[in-house]
Amino acid sequence: MARIVLDTDVVSRYRAGRLPAGYARRITSNELSVAFATAGELWKGARIRRWGGARRGGLELFLDQTLILPAGLTVATVWGESAAGRSEVGGLGR
């Protein structure tokens, strides 16, 4: 099992059941992590959309079971490399 880092868009699509099956299988068969900024963006989206307690509770549970990577050079480097790779292949779902 590998540890994979998910960005905000992938987490949102995955939780909404809108991720292509191949990607969803990869997520469910690996250990998940998100950058601290992704966790913050997810909470921001929940607040802006005025999610109720049940939906926010689901997000909290998801994030509680996911490693949240702290800020630092390593996180910035991984994010930069990941973002560059997505750009080179046209991005997820494009």
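Observations on the structure shown:
- Consider the stretch 1-42 and keep the residues that are surrounded by 15 or more Cβ atoms within 10 Å (Cβ to Cβ) and of a type in the set (S, T, N, Q). The one that is nearest to L69 (Cα to Cα) is S33.
- Which numbered condition W51 fails, given (1) in a helix (DSSP H, G or I); (2) free of Cβ contacts under 8 Å to residues at least 12 places away in the same chain; (3) surrounded by 11 or more Cβ atoms within 10 Å (Cβ to Cβ): (1)
- E60 meets all of the listed conditions (1) more than 10 Å from the chain's Cα centre (by Cα); (2) surrounded by 10 or more Cβ atoms within 10 Å (Cβ to Cβ); (3) closer than 20 Å to G85 by Cα but one, namely (3).
- Contact annotation: residue pairs with Cβ atoms under 8 Å, 6 or more positions apart or on different chains, pairing a residue in the stretch 61-75 that is in a helix (DSSP H, G or I) with a partner that is surrounded by 10 or more Cβ atoms within 10 Å (Cβ to Cβ) and at pLDDT 85 or above, are F62/V11; F62/R15; L63/V34; L63/A39; L63/L42; V75/A35; V75/F36; V75/L69.
- Test result for R3, of a type in the set (K, R) and at pLDDT below 95: yes
The values are calculated or read from the model by the stated rules, or taken from the named source; none is laboratory data. Just so it is clear, the model here is predicted, and its values are computed rather than measured. Note: ideal-geometry Cβ built from the backbone for every residue, glycine included; neighbour counts use all protein chains shown.
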